[in-house]
Each structure stands twice: as C-alpha cells, then as structure tokens.
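Here the structure is laid out as structure tokens; the discussion comes afterwards.
The values are calculated or read from the model by the stated rules, or taken from the named source; none is laboratory data. Since this is a predicted model, take the numbers as computed values, not measurements. Positions of Cβ are generated from backbone atoms using ideal geometry, with glycine treated the same way; all protein chains shown enter the neighbour counts.
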Amino acid sequence: MTRKMQTHETTNPEQKKRCNEAILIAVIASLVTGIGAGLTFYSSYLTTRQASAQSCIQRLDQQEVRIREKAAIFLGNLSDQFGRGADASVKNDEMISLSVKTMRSALEFSAYAPTEMGISAIKVASAIRDTLIVDSNEEIIAAVDKLNTTAQEWPKQYYQLMDDFQRSRLDCQK
C-alpha cells in the first residue's frame, strides 16, 4: 500500500508537461472555435443586413415603377386634354371622351400614390368634371382656371415623391 501512495504522489515532470500542453491545446482550440463562431455570426449578420437592404430597395423600386407608370398615363391624358381643349375645332363629344379618360387615369393613379398626391390627382379629376357641367362662359372660365391651378400642384408633389424615393433608398442601407 505504501508503494501505491508513493507512485501516486510522485509526479513525473514529463507528465506535468504533457498535461499542461493538453490544457494549452484545449484552450487554443476553444479560442479558435470561439473566433470561428464569432466570424460566422458576423458574416451571417452582414448577409442578413445586406439582404434586408436589398429587399427594401427592391420594394421601393417596384413602388416607384408603379407610380411612374400610372403618372405617365395620367400626364399623357392630361396633356391630350389640354392640347385638344385649346383647339376650337374639337367636338364636344371628343372633349367629353378625353375628360372621362383623364379623370379615370387620375383616380387610378390616386390608388397608388401617397395620400397628399392622390388627393391632388382627385382634385384634378374633380376640376375636369367641373369643366363638363358648366353652362355659361363665366363658369367655363372659372372651371378652366380651377383646373389649371389644381394641375399645377401635382407636378411639384410628383417630383418631391421621386426625391423621397431616392432618400428612402439611402435609408434602406443604414
């Protein structure tokens, strides 16, 4: 029994060295694993952030395209109406048809536009309607003046919206 105690109590310096090396290797392996996990997490974070920004930008691009398409139709119809309305040879039925087409495109546009801009488009449609239900020359002049005024509000809001899209794209990347 004394012999067992002696071998147990005596520590071989080489065994101690091996034990310390094993501990050191375990610590280094743990550190490398921790660093690897940290890099993987950071890489995943950056990938997720980039995907989120890309998704945000793509959503804004789709909204902008939809609004631009509807705005192009509305502006084209409005231009036709103003151009043909200045021509004295245009028949009343043709003006009514142009007016209905322009009002429809204004209302369709308002479904896609931000609230304030949609309201402006609806005001233009309303002013166009007013030009159709007038009786006297004074009423015609007043209705056309109203149409000109409401039609002037719209482009400012449109270009402001396009600037807002650009700012929003930059915000997506923050």
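Tabulated values for the structure
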| item | result |
| --- | --- |
| Tally, over the stretch 127-166, of residues that are more than 23 Å from Ile73 (Cβ to Cβ), surrounded by 11 or more Cβ atoms within 10 Å (Cβ to Cβ) and among the charged types (D, E, K, R) | 2 |
| Pairs with Cβ under 9 Å, 6+ apart, first in the stretch 45-72 and under 15 Å from Leu170 (Cα atoms) and touching a residue at least 24 places away in the same chain (Cβ under 8 Å), second of a type in the set (Ser, Thr, Tyr) and surrounded by 15 or more Cβ atoms within 10 Å (Cβ to Cβ) | Cys56/Ser168; Ile57/Ser168; Leu60/Ser168 |
| Gln15 vs. criteria polar (S, T, N, Q) and under 28 Å from Pro114 (Cβ atoms) | no |
| Residue ID - surrounded by the fewest Cβ atoms within 10 Å (Cβ to Cβ), chosen from residues in the stretch 63-91 that are under 22 Å from the mean Cα position of the chain (by Cα) and not aliphatic (A, V, I, L, M) | Glu69 |
| Residue within the stretch 164-174 that is at pLDDT below 90 and either in contact with a strand residue (DSSP E or B) (Cβ under 8 Å, 6 or more places away or on another chain) or not aromatic (Phe, Trp, Tyr) (or both) present | yes |
| The stretch 112-136 - residue that is over 18 Å from Glu64 (Cβ atoms) and acidic (Asp, Glu) and, of those, modelled with the highest pLDDT | Asp130 |
| Close pairs from the stretch 113-127: first at positive phi and without any contact (Cβ under 8 Å) to a residue 12 or more places away in the chain, partner hydroxyl-bearing (Ser, Thr, Tyr) and assigned to a loop (DSSP other than H, G, I, E, B), Cβ under 8 Å, at least 6 apart | none |
